[in-house]
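Down below is the structure, laid out as structure tokens.
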Amino acid sequence: MSFETLDREDVEGIHTIDLREKNPKDALKIPSPLMLGTKWTRDNGKTQISYELIAIEDVTIDGKTYQSCYKIKAEAKDGSHSELAWMAVGLGTIKSDSVWSNGRKLSVTLRDFKIGAP
């Protein structure tokens with residue numbers, strides 16, 4: 001499974017456009033400044049998602065350590081799913097673990113990262 005998003009950063013934080021959506025819109029993904037305990041919500045088109053920065057920690061994937069990653073907890077208001085995501089500053093999401101109400105689970109880790117166009 002692959003998907004594409006467009007992200008940009010300004011004084012408000014990081015904004016994203018999910019190109020899987022029928023009518024993609026710019027939405028605030030992560031507010032700025034981001035500090036432990038920061039909470040925010042956003043609408044994903046189906047339900048409202050609440051987020052909280054719960055930790056800042058180092059994450060090692062395949063022998064590479066990403067320092068001071070944001071550990072963010074997300075929960076759907078309708079109870080359909082929850083997620084833990086680790087975001088590396090300047091890179092984005094490097095790891096996530098999702099669980100849906102039907103028991104399905106999905107774990108994603110960064111495999112490769114390239115700067116610039118292919």
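Check each of the trypsin sites (Lys or Arg not before Pro) in the range 34-110 and keep only those in coil by DSSP with at most 15 other C-beta atoms within 10 angstrom; list them in order.
Here the trypsin sites (Lys or Arg not before Pro) that fit, given the DSSP loop and packing criteria, are Lys46, Lys77, Arg104.
Once you have the Cα-Cα distance between Lys114 and Leu28, take 0.36 nm times their residue separation minus that, and quote the gain in nm to one decimal.
Separation in residues times 0.36 nm, less the Cα-Cα distance, equals 28.6 nm.
Thr38's amide H: which non-local residues (gap 5+, or another chain) put their own amide H closer than 5 Å, with H modeled 1.01 Å from N in plane and none for Pro or chain starts?
Leu53
Roughly what would the spin-label model give for Thr47 and Lys73, points 7 Å off Cα along C-beta, in nm?
In this crude spin-label approximation the distance works out to 1.6 nm.
What spacing in nm lies between the two simple spin-label points modelled at Arg20 and Thr65, each 7 Å away from Cα in the Cβ direction?
Label-label distance for Arg20 and Thr65, simple model: 3.3 nm.
Fewest Cβ neighbours within 10 Å first, please rank Ser32, Ser82 accordingly.
With the sparsest Cβ surroundings first, the list reads Ser32, Ser82.
Within the chain, what is the longest stretch that has no chymotrypsin sites (Phe, Trp or Tyr not before Pro) placed in a DSSP loop and near at most 10 other beta-carbon atoms within 10 Å?
4-112
With a Förster radius of 22 Å, plug the Cβ-Cβ distance of Ser98 and Glu12 into 1/(1 + (r/R0)^6) and report the FRET value to the nearest 0.05.
0.25
Residue by residue, what Karplus-based ³J(HN,Hα) values in Hz, rounded to whole numbers, does the range 24-35 have, using 6.51, -1.76 and 1.60 with θ = phi - 60° and x for Gly and Pro?
Along the range 24-35, the couplings run x, 10, 6, 9, 5, 8, 9, x, 10, x, 10, 10 Hz.
What per residue convex hull volume, in Å³, do the alpha-carbon atoms of the chain yield?
Here the figure is 132 Å³ per residue.
Which of the GluC sites (Glu not before Pro) across the range 1-45 are loop residues per DSSP, with 12 or fewer other Cβ within 10 Å?
Answer by residue number: Glu4, Glu12, Glu21.
Any read-out appearing in this document is the output of simple, stated calculations on the displayed coordinates, not a laboratory observation. Since the structure is predicted, the reported quantities are computational estimates derived from the model, not experimental observations. As a convention, Cβ positions derive from the backbone with ideal geometry for all residues, glycine included, and neighbour counts pool all protein chains shown.
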